[in-house]
1. Simple spin-label model, 7 Å along Cα-to-Cβ: Leu441 to Ala186 in nm?
2. Convert 10 °C to kelvin, take the viscosity as 1.306 mPa s, use the Kirkwood radius over C-alpha pairs of the range 6-245 as Rh, and evaluate the Stokes-Einstein diffusion coefficient in µm²/s, rounded to a whole number.
3. I'd like to know which of Cys44, Tyr66, Trp10 lies farthest towards the positive end of the charge dipole of the range 1-66, counting +1 on Cβ of Lys and Arg and -1 on Cβ of Asp and Glu.
4. Place a +1 charge on the Cβ of each Lys and Arg in the range 6-245 and a -1 charge on the Cβ of each Asp and Glu, then give the dipole magnitude about the Cα centre in debye, rounded to the nearest 20.
5. Could you state the orientation-averaged shadow area of the convex hull built on the Cα atoms of the range 403-443, in nm² to one decimal?
6. Would you grab the residues whose amide H sits under 5 Å from the one on Thr145? Only those 5+ places off in sequence or on another chain, please, with H modelled 1.01 Å from N.
7. Between beta-carbons, use under 12 Å as the cut-off and find the net charge around Ile211, counting Lys and Arg +1, Asp and Glu -1.
8. Measuring from centroid to centroid over Cα atoms, what is the spacing of the range 72-150 and the range 393-437 in Å?
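The values are calculated or read from the model by the stated rules, or taken from the named source; none is laboratory data. This is a predicted model, so every value here is computed, not measured. Note that each Cβ is placed from the backbone with ideal geometry, even for glycine, and that neighbours are counted across all protein chains shown. Side chains included, ligands, DNA and RNA excluded: accessible areas come from the protein's heavy atoms. Shrake-Rupley method; radii C 1.70, N 1.55, O 1.52, S 1.80 Å.
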Amino acid sequence: MPKLRGEAFWRETLRSAHYVVAPMVDQSELAWRLLSRRHGAQLCYTPMLHAQVFLRDANYRRENLYGEACPEDRPLIVQFCANDPEVFVQAALLAQDYCDAIDLNLGCPQMIAKRGHYGAFLQEEWDLLQRMILLANEKLSVPITCKIRVFPDIDKTVKYAQMLEKAGCQLLTVHGRTKEQKGPLAGVASWEHIQAVRKAVNIPVFANGNIQCLSDVEECIRKTGVHGVMSAEGNLHNPALFEGRNPLVWEMAEEYLEIVQKYPCPLSYVRAHLFKLWHHTLQVYQQLREELAKVKTLEGIVDVNRELKLRCQEEIANQKEGEKPKEGLPFFHWICQPYIRPGPKERCKENGASGTEKGVRGKRTLEEEEDGNSELLSKNKQKKKLRNPNKSFDPSLKPKYAKCDQCGNPKGNKCVFNMCRGCCKKRAFKETADCPGHGLLFKTKYEKSLSWQHSQRGIQSPEMSQRGEAEVGEAVVLKEAGDSAV
(Lines give C-alpha, C1' and ligand atoms only; values in the text may rest on other atoms or scores of the structure.)
Protein backbone atom coordinates (compact mmCIF):
# COMPACT_ATOMS: atom_id res chain seq x y z
CA MET A 1 0.00 0.00 0.00
CA PRO A 2 1.51 3.38 -1.01
CA LYS A 3 2.37 5.84 1.76
CA LEU A 4 -0.28 8.53 2.20
CA ARG A 5 0.87 12.13 2.00
CA GLY A 6 -0.27 15.58 3.06
CA GLU A 7 -4.03 16.13 3.19
CA ALA A 8 -4.80 12.45 2.46
CA PHE A 9 -2.63 11.38 5.39
CA TRP A 10 -4.43 13.83 7.72
CA ARG A 11 -7.91 12.84 6.53
CA GLU A 12 -7.51 9.05 6.38
CA THR A 13 -4.75 8.04 8.79
CA LEU A 14 -5.22 10.79 11.38
CA ARG A 15 -9.02 10.77 10.88
CA SER A 16 -9.15 14.55 10.29
CA ALA A 17 -7.94 15.20 13.85
CA HIS A 18 -8.60 18.71 15.14
CA TYR A 19 -7.84 18.19 18.85
CA VAL A 20 -4.25 17.16 19.53
CA VAL A 21 -2.32 16.38 22.73
CA ALA A 22 1.27 17.63 22.48
CA PRO A 23 4.43 15.57 22.98
CA MET A 24 5.48 16.26 26.58
CA VAL A 25 8.59 14.79 28.21
CA ASP A 26 7.60 12.44 31.06
CA GLN A 27 3.98 13.66 30.76
CA SER A 28 2.31 12.34 27.57
CA GLU A 29 2.78 8.69 28.57
CA LEU A 30 0.23 5.99 27.66
CA ALA A 31 -1.98 6.41 30.75
CA TRP A 32 -2.31 10.17 30.22
CA ARG A 33 -2.94 9.74 26.49
CA LEU A 34 -5.77 7.32 27.22
CA LEU A 35 -7.31 9.74 29.73
CA SER A 36 -7.08 12.57 27.20
CA ARG A 37 -8.64 10.44 24.44
CA ARG A 38 -11.59 9.60 26.72
CA HIS A 39 -12.22 13.35 27.03
CA GLY A 40 -12.07 14.60 23.48
CA ALA A 41 -8.47 14.29 22.23
CA GLN A 42 -8.39 12.89 18.67
CA LEU A 43 -4.63 12.54 18.19
CA CYS A 44 -1.76 12.09 20.64
CA TYR A 45 2.03 12.23 20.49
CA THR A 46 4.42 10.20 22.60
CA PRO A 47 6.85 12.06 24.84
CA MET A 48 9.96 13.20 23.00
CA LEU A 49 12.29 10.19 22.65
CA HIS A 50 16.05 10.46 22.19
CA ALA A 51 16.89 8.72 18.89
CA GLN A 52 20.40 7.68 19.95
CA VAL A 53 19.16 6.10 23.20
CA PHE A 54 16.17 4.49 21.50
CA LEU A 55 18.51 2.88 18.97
CA ARG A 56 20.94 1.37 21.47
CA ASP A 57 18.78 0.61 24.53
CA ALA A 58 16.17 -2.18 24.36
CA ASN A 59 14.83 -1.28 27.83
CA TYR A 60 14.26 2.31 26.73
CA ARG A 61 12.31 1.07 23.70
CA ARG A 62 10.21 -1.27 25.81
CA GLU A 63 9.43 1.32 28.49
CA ASN A 64 8.48 4.06 26.06
CA LEU A 65 6.87 2.27 23.11
CA TYR A 66 7.11 -1.51 23.06
CA GLY A 67 5.06 -2.04 26.22
CA GLU A 68 1.59 -3.51 26.40
CA ALA A 69 -0.28 -3.07 23.11
CA CYS A 70 -3.26 -0.74 23.34
CA PRO A 71 -5.52 -0.45 20.25
CA GLU A 72 -7.31 2.55 21.82
CA ASP A 73 -4.09 4.57 21.60
CA ARG A 74 -4.37 5.37 17.91
CA PRO A 75 -3.79 7.42 15.88
CA LEU A 76 -0.38 8.00 17.47
CA ILE A 77 2.71 9.93 16.38
CA VAL A 78 6.12 9.07 17.84
CA GLN A 79 8.41 12.06 18.29
CA PHE A 80 12.21 11.86 18.22
CA CYS A 81 14.95 14.39 18.86
CA ALA A 82 18.05 13.81 16.75
CA ASN A 83 20.84 15.60 14.91
CA ASP A 84 22.19 12.78 12.73
CA PRO A 85 20.26 11.55 9.65
CA GLU A 86 21.35 7.90 9.95
CA VAL A 87 20.67 7.67 13.68
CA PHE A 88 17.28 9.35 13.28
CA VAL A 89 16.19 7.02 10.49
CA GLN A 90 17.47 3.85 12.19
CA ALA A 91 15.55 4.76 15.37
CA ALA A 92 12.45 5.60 13.33
CA LEU A 93 12.63 2.24 11.53
CA LEU A 94 12.43 0.53 14.95
CA ALA A 95 9.36 2.60 15.87
CA GLN A 96 7.38 2.81 12.63
CA ASP A 97 5.37 -0.40 13.19
CA TYR A 98 3.99 0.98 16.47
CA CYS A 99 2.67 4.33 15.24
CA ASP A 100 1.07 6.24 12.37
CA ALA A 101 3.85 8.77 11.74
CA ILE A 102 7.30 9.83 12.96
CA ASP A 103 7.81 13.41 14.14
CA LEU A 104 11.12 15.27 14.26
CA ASN A 105 11.38 17.63 17.24
CA LEU A 106 12.60 21.03 16.07
CA GLY A 107 10.86 22.98 18.81
CA CYS A 108 12.42 22.11 22.19
CA PRO A 109 13.95 25.36 23.58
CA GLN A 110 15.37 23.97 26.84
CA MET A 111 19.02 24.07 27.88
CA ILE A 112 19.30 20.27 27.60
CA ALA A 113 18.41 20.61 23.90
CA LYS A 114 21.10 23.25 23.48
CA ARG A 115 23.71 21.01 25.12
CA GLY A 116 22.55 17.98 23.11
CA HIS A 117 22.32 20.03 19.91
CA TYR A 118 18.76 19.16 18.94
CA GLY A 119 15.25 20.63 19.02
CA ALA A 120 14.92 24.35 18.29
CA PHE A 121 18.72 24.68 18.25
CA LEU A 122 18.82 23.04 14.81
CA GLN A 123 16.56 25.65 13.21
CA GLU A 124 19.47 27.45 11.52
CA GLU A 125 20.96 24.23 10.06
CA TRP A 126 18.74 23.88 7.02
CA ASP A 127 21.09 21.59 5.06
CA LEU A 128 21.20 19.08 7.93
CA LEU A 129 17.42 19.19 8.36
CA GLN A 130 16.87 18.66 4.64
CA ARG A 131 19.10 15.57 4.70
CA MET A 132 17.34 14.17 7.77
CA ILE A 133 13.84 14.58 6.33
CA LEU A 134 14.78 13.47 2.82
CA LEU A 135 16.33 10.25 4.14
CA ALA A 136 13.41 9.58 6.50
CA ASN A 137 10.88 10.22 3.74
CA GLU A 138 12.74 7.78 1.50
CA LYS A 139 13.30 4.95 4.03
CA LEU A 140 10.21 4.96 6.27
CA SER A 141 6.89 3.28 5.57
CA VAL A 142 5.03 5.98 7.55
CA PRO A 143 4.97 9.75 6.91
CA ILE A 144 7.47 12.14 8.46
CA THR A 145 6.18 15.22 10.31
CA CYS A 146 7.91 18.14 12.09
CA LYS A 147 7.19 20.39 15.06
CA ILE A 148 8.90 23.78 14.91
CA ARG A 149 9.16 27.13 16.66
CA VAL A 150 9.00 30.37 14.75
CA PHE A 151 11.70 32.91 13.97
CA PRO A 152 11.04 36.53 15.02
CA ASP A 153 10.75 37.37 11.31
CA ILE A 154 7.59 36.02 9.64
CA ASP A 155 9.19 35.78 6.18
CA LYS A 156 12.04 33.64 7.49
CA THR A 157 9.55 31.42 9.32
CA VAL A 158 7.60 30.92 6.07
CA LYS A 159 10.76 30.02 4.12
CA TYR A 160 11.74 27.61 6.90
CA ALA A 161 8.35 25.87 6.66
CA GLN A 162 8.54 25.71 2.87
CA MET A 163 12.01 24.17 3.07
CA LEU A 164 10.72 21.42 5.38
CA GLU A 165 7.75 20.78 3.10
CA LYS A 166 10.00 20.51 0.04
CA ALA A 167 12.29 18.05 1.87
CA GLY A 168 9.34 15.69 2.49
CA CYS A 169 7.55 16.81 5.68
CA GLN A 170 3.90 15.71 5.42
CA LEU A 171 2.45 17.66 8.37
CA LEU A 172 3.79 20.67 10.24
CA THR A 173 3.07 21.76 13.80
CA VAL A 174 3.97 25.40 14.41
CA HIS A 175 4.50 26.65 17.97
CA GLY A 176 3.97 30.39 17.70
CA ARG A 177 6.87 31.29 20.01
CA THR A 178 10.58 31.73 19.36
CA LYS A 179 13.12 29.51 21.11
CA GLU A 180 13.90 32.38 23.48
CA GLN A 181 10.28 32.53 24.67
CA LYS A 182 10.15 30.03 27.52
CA GLY A 183 9.47 29.86 31.25
CA PRO A 184 8.55 33.26 32.73
CA LEU A 185 9.54 34.88 29.42
CA ALA A 186 7.12 32.75 27.36
CA GLY A 187 4.75 35.58 26.55
CA VAL A 188 1.95 35.20 23.99
CA ALA A 189 2.31 32.90 20.98
CA SER A 190 2.03 34.60 17.59
CA TRP A 191 -0.93 33.28 15.64
CA GLU A 192 0.09 35.72 12.89
CA HIS A 193 3.19 33.59 12.21
CA ILE A 194 1.08 30.43 12.19
CA GLN A 195 -1.45 31.95 9.78
CA ALA A 196 1.35 32.98 7.40
CA VAL A 197 2.78 29.45 7.39
CA ARG A 198 -0.65 27.91 6.83
CA LYS A 199 -1.17 30.08 3.74
CA ALA A 200 2.31 29.38 2.36
CA VAL A 201 2.40 25.55 2.48
CA ASN A 202 0.29 22.82 0.91
CA ILE A 203 0.51 20.32 3.78
CA PRO A 204 -1.67 20.16 6.92
CA VAL A 205 -0.68 22.55 9.73
CA PHE A 206 -1.35 22.27 13.45
CA ALA A 207 -1.15 25.34 15.72
CA ASN A 208 0.41 25.30 19.19
CA GLY A 209 0.36 28.07 21.80
CA ASN A 210 -2.21 30.11 23.80
CA ILE A 211 -4.60 27.17 24.18
CA GLN A 212 -6.26 27.11 27.61
CA CYS A 213 -9.88 26.20 26.82
CA LEU A 214 -12.10 25.02 23.97
CA SER A 215 -13.02 28.57 22.94
CA ASP A 216 -9.28 29.20 22.35
CA VAL A 217 -9.18 26.16 20.06
CA GLU A 218 -12.15 27.39 18.03
CA GLU A 219 -10.79 30.93 17.80
CA CYS A 220 -7.34 29.69 16.72
CA ILE A 221 -8.80 27.55 13.92
CA ARG A 222 -10.96 30.46 12.79
CA LYS A 223 -8.13 33.03 12.78
CA THR A 224 -5.31 30.91 11.37
CA GLY A 225 -7.12 28.38 9.18
CA VAL A 226 -5.11 25.46 10.58
CA HIS A 227 -6.26 21.85 10.39
CA GLY A 228 -5.90 21.19 14.11
CA VAL A 229 -4.81 22.66 17.41
CA MET A 230 -2.29 21.17 19.84
CA SER A 231 -2.41 21.70 23.60
CA ALA A 232 0.24 20.99 26.23
CA GLU A 233 -0.12 22.90 29.52
CA GLY A 234 -3.84 23.47 29.01
CA ASN A 235 -4.33 19.72 28.68
CA LEU A 236 -2.22 18.97 31.77
CA HIS A 237 -4.39 21.22 33.96
CA ASN A 238 -7.66 20.13 32.37
CA PRO A 239 -7.70 16.81 30.45
CA ALA A 240 -11.33 17.55 29.48
CA LEU A 241 -10.32 20.77 27.69
CA PHE A 242 -11.35 19.44 24.27
CA GLU A 243 -14.82 18.55 25.63
CA GLY A 244 -15.32 22.14 26.70
CA ARG A 245 -15.83 21.05 30.32
CA ASN A 246 -14.27 22.04 33.63
CA PRO A 247 -14.76 18.92 35.77
CA LEU A 248 -13.97 18.44 39.45
CA VAL A 249 -10.26 17.83 39.88
CA TRP A 250 -10.65 14.62 41.87
CA GLU A 251 -12.79 13.10 39.10
CA MET A 252 -9.94 13.46 36.60
CA ALA A 253 -7.33 12.44 39.17
CA GLU A 254 -9.20 9.29 40.20
CA GLU A 255 -9.83 8.29 36.59
CA TYR A 256 -6.15 8.79 35.75
CA LEU A 257 -5.02 6.75 38.78
CA GLU A 258 -7.32 3.89 37.70
CA ILE A 259 -5.70 3.88 34.24
CA VAL A 260 -2.24 3.91 35.82
CA GLN A 261 -3.17 0.74 37.73
CA LYS A 262 -3.72 -0.97 34.37
CA TYR A 263 -0.92 0.73 32.42
CA PRO A 264 1.84 1.48 34.98
CA CYS A 265 4.35 4.27 34.52
CA PRO A 266 7.12 5.75 36.71
CA LEU A 267 5.86 7.26 39.96
CA SER A 268 7.48 10.60 39.08
CA TYR A 269 5.11 10.92 36.08
CA VAL A 270 2.05 10.26 38.28
CA ARG A 271 3.19 12.74 40.93
CA ALA A 272 3.84 15.41 38.30
CA HIS A 273 0.35 14.97 36.83
CA LEU A 274 -1.30 15.34 40.23
CA PHE A 275 0.74 18.46 40.95
CA LYS A 276 -0.66 19.95 37.72
CA LEU A 277 -4.26 18.82 38.30
CA TRP A 278 -4.32 19.95 41.93
CA HIS A 279 -2.15 23.04 41.31
CA HIS A 280 -4.58 25.63 42.71
CA THR A 281 -5.75 23.45 45.60
CA LEU A 282 -2.18 22.72 46.69
CA GLN A 283 -1.64 26.45 47.16
CA VAL A 284 -4.34 26.24 49.86
CA TYR A 285 -3.28 22.95 51.50
CA GLN A 286 0.48 23.30 51.66
CA GLN A 287 0.95 20.38 54.04
CA LEU A 288 -0.66 17.99 51.56
CA ARG A 289 1.59 19.44 48.89
CA GLU A 290 4.59 18.40 50.97
CA GLU A 291 3.11 14.94 51.51
CA LEU A 292 2.54 14.49 47.78
CA ALA A 293 6.16 15.49 47.14
CA LYS A 294 7.52 12.95 49.64
CA VAL A 295 5.27 9.93 49.04
CA LYS A 296 7.09 6.88 47.63
CA THR A 297 4.30 4.58 46.40
CA LEU A 298 1.28 4.72 44.11
CA GLU A 299 -0.91 3.76 47.09
CA GLY A 300 0.51 6.75 48.97
CA ILE A 301 -0.38 9.06 46.08
CA VAL A 302 -3.91 7.62 46.03
CA ASP A 303 -4.19 8.38 49.77
CA VAL A 304 -3.05 11.99 49.31
CA ASN A 305 -5.51 12.38 46.43
CA ARG A 306 -8.32 11.04 48.65
CA GLU A 307 -7.40 13.46 51.45
CA LEU A 308 -7.41 16.40 49.01
CA LYS A 309 -10.85 15.32 47.82
CA LEU A 310 -12.18 15.19 51.42
CA ARG A 311 -10.76 18.63 52.24
CA CYS A 312 -12.42 20.12 49.15
CA GLN A 313 -15.75 18.43 49.89
CA GLU A 314 -15.66 19.83 53.44
CA GLU A 315 -14.95 23.26 52.02
CA ILE A 316 -17.88 22.92 49.60
CA ALA A 317 -20.19 21.85 52.46
CA ASN A 318 -19.22 24.91 54.50
CA GLN A 319 -19.39 27.31 51.57
CA LYS A 320 -21.51 30.42 52.02
CA GLU A 321 -24.12 31.37 49.47
CA GLY A 322 -22.81 33.84 46.90
CA GLU A 323 -19.16 33.19 47.81
CA LYS A 324 -16.78 33.76 44.90
CA PRO A 325 -13.45 32.12 43.99
CA LYS A 326 -10.38 33.64 45.62
CA GLU A 327 -7.03 34.70 44.19
CA GLY A 328 -8.70 35.95 41.03
CA LEU A 329 -9.44 32.43 39.73
CA PRO A 330 -12.29 31.96 37.24
CA PHE A 331 -13.49 28.88 39.18
CA PHE A 332 -13.07 27.49 42.68
CA HIS A 333 -9.73 25.80 43.19
CA TRP A 334 -11.22 22.26 43.16
CA ILE A 335 -12.34 22.68 39.54
CA CYS A 336 -10.03 21.94 36.59
CA GLN A 337 -8.98 25.24 35.07
CA PRO A 338 -6.03 26.80 33.28
CA TYR A 339 -2.93 28.00 35.04
CA ILE A 340 -1.84 31.38 33.72
CA ARG A 341 1.93 31.51 33.94
CA PRO A 342 2.94 34.86 35.50
CA GLY A 343 5.20 37.10 33.46
CA PRO A 344 8.52 38.47 34.73
CA LYS A 345 6.94 41.56 36.34
CA GLU A 346 4.34 39.53 38.20
CA ARG A 347 7.02 37.16 39.44
CA CYS A 348 9.06 40.08 40.72
CA LYS A 349 6.03 41.35 42.67
CA GLU A 350 5.36 37.88 44.06
CA ASN A 351 8.92 37.69 45.33
CA GLY A 352 8.88 41.20 46.71
CA ALA A 353 11.75 42.23 44.47
CA SER A 354 11.83 44.69 41.64
CA GLY A 355 12.92 43.54 38.20
CA THR A 356 15.45 45.11 35.90
CA GLU A 357 14.52 47.71 33.32
CA LYS A 358 13.78 44.89 30.86
CA GLY A 359 11.35 43.31 33.25
CA VAL A 360 13.50 40.34 34.07
CA ARG A 361 12.81 38.84 37.45
CA GLY A 362 15.04 40.15 40.19
CA LYS A 363 17.02 37.58 42.15
CA ARG A 364 16.79 37.17 45.91
CA THR A 365 19.67 38.76 47.74
CA LEU A 366 22.01 36.47 49.64
CA GLU A 367 20.79 37.94 52.92
CA GLU A 368 17.14 37.32 52.02
CA GLU A 369 17.79 33.75 50.99
CA GLU A 370 19.95 32.80 53.93
CA ASP A 371 18.30 34.56 56.85
CA GLY A 372 16.33 31.41 57.70
CA ASN A 373 12.96 32.74 56.46
CA SER A 374 11.44 29.75 54.63
CA GLU A 375 9.27 32.01 52.46
CA LEU A 376 12.38 33.53 50.90
CA LEU A 377 14.42 30.35 50.58
CA SER A 378 14.91 28.75 47.19
CA LYS A 379 12.95 25.57 46.50
CA ASN A 380 16.11 23.49 46.81
CA LYS A 381 16.87 24.91 50.26
CA GLN A 382 13.26 24.45 51.33
CA LYS A 383 13.59 20.74 50.48
CA LYS A 384 16.77 20.54 52.58
CA LYS A 385 14.92 22.25 55.40
CA LEU A 386 12.16 19.64 55.20
CA ARG A 387 14.70 16.81 55.45
CA ASN A 388 16.55 18.50 58.30
CA PRO A 389 14.37 21.03 60.21
CA ASN A 390 17.36 22.10 62.35
CA LYS A 391 19.39 23.15 59.34
CA SER A 392 20.13 26.87 59.24
CA PHE A 393 21.07 28.96 56.22
CA ASP A 394 22.08 32.00 58.29
CA PRO A 395 25.51 33.06 56.95
CA SER A 396 26.52 34.40 60.38
CA LEU A 397 26.38 30.84 61.75
CA LYS A 398 28.61 29.39 59.06
CA PRO A 399 32.22 28.65 60.08
CA LYS A 400 34.79 31.11 58.77
CA TYR A 401 37.70 29.72 56.76
CA ALA A 402 41.11 31.25 56.15
CA LYS A 403 41.79 31.63 52.44
CA CYS A 404 44.53 30.09 50.32
CA ASP A 405 47.33 32.56 49.54
CA GLN A 406 47.20 31.51 45.89
CA CYS A 407 43.57 31.11 44.77
CA GLY A 408 41.25 32.24 47.57
CA ASN A 409 39.74 28.82 48.31
CA PRO A 410 39.75 27.65 51.95
CA LYS A 411 43.33 26.77 52.96
CA GLY A 412 44.41 23.68 54.87
CA ASN A 413 44.63 24.39 58.61
CA LYS A 414 47.99 22.57 58.87
CA CYS A 415 49.39 23.43 55.44
CA VAL A 416 53.03 24.58 55.64
CA PHE A 417 52.46 26.87 52.62
CA ASN A 418 49.11 28.35 53.80
CA MET A 419 47.40 27.00 50.67
CA CYS A 420 44.49 24.79 49.60
CA ARG A 421 45.40 21.23 48.69
CA GLY A 422 45.46 21.84 44.93
CA CYS A 423 47.85 24.79 45.13
CA CYS A 424 49.92 23.09 47.83
CA LYS A 425 50.39 19.99 45.68
CA LYS A 426 51.68 22.03 42.73
CA ARG A 427 54.15 23.97 44.88
CA ALA A 428 55.37 20.94 46.85
CA PHE A 429 55.99 19.04 43.61
CA LYS A 430 57.82 21.97 42.03
CA GLU A 431 60.05 22.50 45.07
CA THR A 432 60.33 18.81 46.03
CA ALA A 433 59.01 19.63 49.47
CA ASP A 434 56.75 17.98 52.07
CA CYS A 435 53.41 19.13 53.49
CA PRO A 436 52.34 16.75 56.27
CA GLY A 437 49.10 18.71 56.70
CA HIS A 438 47.94 17.62 53.24
CA GLY A 439 49.73 14.28 53.30
CA LEU A 440 52.10 15.32 50.50
CA LEU A 441 55.59 13.78 50.95
CA PHE A 442 57.50 14.55 47.75
CA LYS A 443 60.80 15.31 49.55
CA THR A 444 60.62 12.24 51.81
CA LYS A 445 59.84 9.93 48.90
CA TYR A 446 62.63 11.41 46.80
CA GLU A 447 65.17 10.91 49.58
CA LYS A 448 64.01 7.32 50.10
CA SER A 449 64.37 6.72 46.38
CA LEU A 450 67.97 8.00 46.39
CA SER A 451 68.81 5.90 49.44
CA TRP A 452 67.39 2.78 47.80
CA GLN A 453 69.38 3.41 44.61
CA HIS A 454 72.63 3.73 46.60
CA SER A 455 71.95 0.53 48.50
CA GLN A 456 71.22 -1.30 45.24
CA ARG A 457 74.54 -0.17 43.77
CA GLY A 458 76.38 -1.47 46.86
CA ILE A 459 74.75 -4.91 46.53
CA GLN A 460 75.31 -5.21 42.81
CA SER A 461 78.98 -4.07 42.62
CA PRO A 462 80.68 -7.49 43.54
CA GLU A 463 78.46 -9.31 41.09
CA MET A 464 79.26 -6.80 38.38
CA SER A 465 83.06 -7.24 38.94
CA GLN A 466 82.82 -11.06 38.75
CA ARG A 467 80.72 -10.78 35.60
CA GLY A 468 83.31 -8.42 34.09
CA GLU A 469 86.21 -10.81 34.83
CA ALA A 470 84.30 -13.70 33.26
CA GLU A 471 83.60 -11.67 30.12
CA VAL A 472 87.29 -10.75 29.78
CA GLY A 473 88.38 -14.41 30.19
CA GLU A 474 85.90 -15.52 27.56
CA ALA A 475 87.17 -12.91 25.14
CA VAL A 476 90.78 -14.13 25.61
CA VAL A 477 89.80 -17.78 24.93
CA LEU A 478 87.96 -16.77 21.76
CA LYS A 479 90.94 -14.76 20.57
CA GLU A 480 93.32 -17.66 21.13
CA ALA A 481 91.01 -20.04 19.29
CA GLY A 482 90.92 -17.61 16.36
CA ASP A 483 94.73 -17.35 16.25
CA SER A 484 95.20 -21.13 16.20
CA ALA A 485 92.71 -21.45 13.32
CA VAL A 486 94.74 -18.98 11.29
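1. 6.1 nm
2. Diffusion coefficient, whole number: 90 µm²/s.
3. Projecting each Cα onto the dipole axis, the largest value belongs to Trp10.
4. Dipole size: approximately 260 debye.
5. 2.3 nm²
6. Correct list: Ile102, Asp103, Leu104, Gln170.
7. -4
8. The range 72-150 and the range 393-437 have Cα centres separated by 51 Å.
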